[in-house]
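Presented below is the structure to which this report refers.
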Amino acid sequence: MSAEPASARGSARPAVRRLPETLVNRIAAGEVVERPASALKELVENALDAGARRIDVVLRDGGRTLIQVSDDGWGMDPDTLALAVERHVTSKLPDDDLTHIATLGFRGEALPSIGAVSRLTITSRAAGSPAAWRIRVEGGAVGAPEPAALSAGTRVEVRDLFYATPARLKFLKIPRTEQMHAVEILQRLAMAAPTVGFSLSDGSRTVLSLEAAQGELFEARLTRLGAVLGRDFAADALPIDAERQGYRLTGYAGLPTLHRRTSAHQYLFVNGRPVRDKLLLGAVRGAYMDFVASDRHPMLALFLELPAEEVDVNVHPAKTEVRFRDAGLVRGLIVGALKHALAEAGHRASASVGTATLGAFRQEGLAPHSGAAHSGAARPAWGTPQWTPLPSRGLAESQAAWQAPVPAAGGTLDLGAAPAARYEDAPADPVAERHPLGAARAQIHATYIVAQTEDGLVIVDQHAAHERLVYERMKEALAAGGVARQALLLPEVVELEEAAVDRLVARAPELAELGLVLEGFGQGAVVVREVPALLGRTDTVALVRDLADDLAEVGDAQSLQDRLADVCGTMACHGSVRAGRRLGAEEMNALLRQMEVTPHAGQCNHGRPTYVELKLADIERLFGRR
């Protein structure tokens, strides 16, 4: 190894020296105060730990020039104020045991770190004290407490953040972006404390206002979550309440059809502390594996309560990550509680789907009736639908068709051109209309089933709905000992790339458990001899090619059981009745009845809704009848 050049080593050995206290504080501030939102988080956590019932925040320039946090908590006397701005001073650890941390903040670094890079002023009045006191910290220099005016609680003002470390200023975003980060921080803390009122303003207008929620904890929590996440979440949230070995999980989880592009709307709390923990996020992903696409994320807010000694919150400077003593128990509790709640939901789908549908109608120009509309001056241009009677079939025949979507003996499957819509000319059936999904009345574009309920109508995507039914039957068959197989009269030869053939042949025993029997057939081909009986008549070539692509993503180290949802979902998609297939009235009603008794029938395997429900009152409002 060549010697290091003298120019790289320097002309003299550097001396070891002790850093000045002000520089130490600024280095510590780099860990605790990344941006204005980080400082705000520390200050609001202090207010919550001080028993505040109301917290008001003012930000100017996104927090760059002013962060002001006022609370009505216990307050501090002058001696406590002087101690609070020193490093490694805290009132939140009753002893030296770091395994029993019951507060949000405990390090004793936030206030001195913030004061090291800003102009910090703390004004506080202890409960029962005749006067308030103020202390100032500027660039790390601490002043003496002095009398001040304040009615109760504490007010912290952070001015000119990072003025003492100008290099940090260039890394800040524009004020609007920094304010958005601050709002997100405050919203997370507000979810964990629903009985505390919060407000945030920029000095001229109120950006966020959350009144203290009333009632018992579950009711108050849903009220607060609805105020933060919106009415859609409040309407489509499933309550979660599960306990195992002293660990309790509560909160609300959105229906699978209520999902977003990222996991930013997944709020997780451990002993009241907002966290972004990979273990918890992975457990949520596992619980929703059967119900949403891999690139979509359900909305939820979960609160995990466990003994303080069972979790280590001291593993990250910003306290956003935690470590559990029994990670398996935590994961099992979350997955089990979420799956139970989703199963209890049955075929229920998000109410926001119907709201979005009505909104789409309004965007197309369907406005309430006006005088001009009644006179014919401005009416929508309606096309004349082509109505033809639906073919009638026996109920037993239709149920058999849904068990395996192939034509009945002696029947034909007409996939030719279909009229735009077909109606059922049978008399209305009040009994069928009392079912949750009603009675089938028409099929539109050979793809959508229109059903009438007692108080509205339902539109069903026949392919998405049947895909869910096939998928759930495959899971039941696997749990019962294996998927029944159906031998092909003529084995199907499928030509593929050699790498795809190798993947399929290597996984042949696992695929056989799922009902698909194949083997290598020379170079660049496989032969399929049996298929899952549940799939009925299917495009074997397309199915095998899609499975080969799935296996490329699974990889060699992961078993198909670990990715069962993806593989079964691919099979179910190919075994489902396709869009464009004409259905009889009995077939459509049989599908509706099976949806009502099948778990999770409100969404397909990709998280898309299988049906849209429109209430009669909403439709009447759409046309100005209400």
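Can you confirm whether region 317-334 contains a residue that is at pLDDT 95 or above, at positive phi and not assigned by TED's automatic domain parsing to the domain that holds Leu40?
Looking through region 317-334, none of the residues is at pLDDT 95 or above, at positive phi and not assigned by TED's automatic domain parsing to the domain that holds Leu40.
Confirm whether Arg529 is buried (at least 19 other Cβ atoms within 10 Å of the Cβ) and either assigned by TED's automatic domain parsing to the domain that holds Lys615 or not aromatic (Phe, Trp, Tyr) (or both).
Answer is no for this residue.
Which is outside any strand (DSSP E or B), at pLDDT 90 or above and touching a helix residue (DSSP H, G or I) at 6+ places or on another chain (Cβ under 8 Å), of Leu208, Leu249, Leu238, Leu222? Don't jump to the end; show me each part of the working.
Values: Leu208 fails: outside any strand (DSSP E or B); Leu249 fails: outside any strand (DSSP E or B); Leu238 fails: outside any strand (DSSP E or B).
Going through Leu208, Leu249, Leu238, Leu222 in turn, the sole match is Leu222.
Could you pull out the residue among Leu43, Leu59 that is modelled with pLDDT of 90 or more, of a type in the set (A, V, I, L, M) and closer than 20 Å to Gly140 by Cβ?
Values: Leu59 fails: closer than 20 Å to Gly140 by Cβ.
Unique residue meeting the criteria: Leu43.
Could you tell me how many of the residues in region 297-315 are assigned to a loop (DSSP other than H, G, I, E, B) and closer than 20 Å to Ala343 by Cβ?
Within region 297-315, the subset assigned to a loop (DSSP other than H, G, I, E, B) is 299, 306-307, 313-315.
After this cut, where a residue has to be closer than 20 Å to Ala343 by Cβ as well, the list is 299.
Number satisfying all stated conditions: 1.
What number of residues within region 429-459 are small (Gly, Ala, Ser) and not in a strand (DSSP E or B)? If you could, list the steps in order and put the result at the bottom.
Initially, region 429-459 is screened for residues small (Gly, Ala, Ser), giving 432, 438-440, 442, 446, 451, 456.
From the residues that got through so far, the ones that are not in a strand (DSSP E or B) too are 432, 438, 446.
Of the residues in that region, 3 qualify.
Could you please find all residues in region 460-478 being of a type in the set (D, E, K, R) and either farther than 14 Å from Gln603 by Cα or assigned to a strand (DSSP E or B) (or both)?
The initial filter retains those residues of region 460-478 that are of a type in the set (D, E, K, R), namely 461, 467-468, 472-473, 475-476.
Within region 460-478, Asp461, Arg473, Lys475, Glu476 qualify.
Only residues that are over 28 Å from Arg285 (Cβ atoms) and of a type in the set (Gly, Ala, Ser): list them for region 603-626, please.
Within region 603-626, Ala617, Gly624 qualify.
For region 428-462, name all the residues that are modelled with pLDDT under 85 and of a type outside the set (Asp, Glu). Outline the logic, then answer.
Initial filter on region 428-462 (modelled with pLDDT under 85): 428-434, 446.
If the condition is that a residue be modelled with pLDDT under 85 and of a type outside the set (Asp, Glu), then Ala428, Pro430, Val431, Ala432, Arg434, Ala446 are the ones that fit.
Return yes when Val460 is closer than 29 Å to Glu587 by Cα and surrounded by fewer than 21 Cβ atoms within 10 Å (Cβ to Cβ) and no when it is not. Don't jump to the end; show me each part of the working.
Working: closer than 29 Å to Glu587 by Cα: yes; surrounded by fewer than 21 Cβ atoms within 10 Å (Cβ to Cβ): no.
Considered against the rule, which asks whether it is closer than 29 Å to Glu587 by Cα and surrounded by fewer than 21 Cβ atoms within 10 Å (Cβ to Cβ), Val460 comes out as no.
List, please: which pairs have Cβ atoms under 6 Å, are six or more places apart or on different chains, and start with a residue in region 257-283 that is closer than 17 Å to Asp232 by Cα and end with one that is small (Gly, Ala, Ser) and assigned to a loop (DSSP other than H, G, I, E, B)?
Going by the 6 Å Cβ cut-off, the qualifying pairs are Thr257/Ala349; Thr257/Ser350; Leu258/Ser350; His259/Gly607.
Residue by residue through region 255-269, note down the ones that are assigned to a strand (DSSP E or B) and under 18 Å from Gly336 (Cβ atoms).
Filtering region 255-269 down to residues assigned to a strand (DSSP E or B) leaves 259-260, 266-269.
Gln266, Leu268 - these are the residues of region 255-269 that are assigned to a strand (DSSP E or B) and under 18 Å from Gly336 (Cβ atoms).
On the basis of being part of a helix (DSSP H, G or I) and surrounded by 13 or more Cβ atoms within 10 Å (Cβ to Cβ), does Leu281 make the cut? Walk me through it before giving the result.
Numbers: part of a helix (DSSP H, G or I): yes; surrounded by 13 or more Cβ atoms within 10 Å (Cβ to Cβ): yes.
Here the answer is yes, as Leu281 does meet what is asked.
The values are calculated or read from the model by the stated rules, or taken from the named source; none is laboratory data. Worth saying up front: this structure is predicted, and the values here are computed from it rather than measured. Reconstructed Cβ throughout: ideal geometry from the backbone, glycine too, with neighbour counts over all protein chains shown.
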